[in-house]
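Below: the structure, in structure tokens.
The values are calculated or read from the model by the stated rules, or taken from the named source; none is laboratory data. Since this is a predicted model, take the numbers as computed values, not measurements. With ideal geometry, Cβ positions are generated from the backbone for all residues, glycine too; neighbour counts draw on all protein chains shown.
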Amino acid sequence: MGVESARGIQVRLAVEAADACPVAAATGGDTIARSARWSTVGEGEVVEEFDLVGDAEAADLPDEASVVFETDRSDRVRFTRETGDCICEAVERLGAPVTDVSASRGTLRLSFHATDVETVRAAVDDLDAAFGSVRIDRLARTGDGEDDDLVLVDRGRLTDRQQEVLETAMEMGYFERPRSANATEVAERLDISPSTFAEHLASAQSKVLDSLLEGAA
């Protein structure tokens, strides 16, 4: 029996999650976490592992974490946590398995595939409501060609002002962890109010999501 082809969406989200995610919290300075994996071992209990690259402070590691494997470049860290209030699990509850997880400077990046824009929008809305500060790092859609190439979203949908807001925020370190500039400081540089700055960011994100609808149906 053949498998029906769909115009799927590849998504990578970034969540400023040092206060909510043990993996992100372990990435201070130049330390990087990658290749996170987890499995349920009992009711309400999850064992999670990740590779930690760089010299992390013991205080930044999850409670009762242990190193289960070492190489010259990284340590494999294992810890136990409760299920439920987890960023990746919040996405997977939407029926979209997380395929890749990494973190740096307190920001968690996770990738997944969705079959419709509604799932992407729900993931962004749910994470923003639960954890705050979510941004889209990458979006791509399955192409129509025989080679099934990915078609990247056209950033030309953004207005000049929205593009300026994003570029200024990036330049000032608004998306870094810890932030080099907050929303008020970026807004002052742009000579707009913090609320207007937030609106521009939200509108830009919405346009990127809406652009995925082109060619669907």
Criterion: in contact with an Asp or Glu (Cβ under 7 Å, 6 or more places away or on another chain) and hydrophobic (A, V, I, L, M, F, W, C) - qualifying residue of A24, A14, A20: A14
Does the stretch 7-28 contain at least one residue that is without any contact (Cβ under 8 Å) to a residue 60 or more places away in the chain, touching a helix residue (DSSP H, G or I) at 6+ places or on another chain (Cβ under 9 Å) and in a strand (DSSP E or B)? no
Across the stretch 78-111, what is the total count of residues that are outside any loop (DSSP other than H, G, I, E, B), among the basic types (K, R) and under 13 Å from A24 (Cα atoms)? 1
Here's a check for you: in the stretch 79-124, which residue that is within 29 Å of G54 (Cβ to Cβ) and basic (K, R) is farthest from the chain's Cα centre (by Cα)? R81
Can you pull out the residues in the stretch 62-77 that are more than 17 Å from S102 (Cβ to Cβ) and not in a loop (DSSP other than H, G, I, E, B)? S66, V67, V68, F69, E70
Quick check: is even one residue across the stretch 18-40 surrounded by fewer than 20 Cβ atoms within 10 Å (Cβ to Cβ) and more than 21 Å from the chain's Cα centre (by Cα)? yes
Failed condition for G44, given (1) surrounded by 11 or more Cβ atoms within 10 Å (Cβ to Cβ); (2) on the phi > 0 side of the Ramachandran plot, with all others met? (1)
Could you pull out the residue among S133, S104, S66, S111 that is crowded, with 19+ Cβ neighbours inside 10 Å and either outside the structural domain of L52 (by TED's automatic domain parsing) or of a type in the set (S, T, N, Q) (or both)? S104
In the stretch 51-61, what residues are within 10 Å of I32 (Cβ to Cβ) and outside any loop (DSSP other than H, G, I, E, B)? D51, L52, V53
Would you mind finding the one in A140, A183, A130 that is closer than 20 Å to V11 by Cβ and modelled with pLDDT of 85 or more? A130
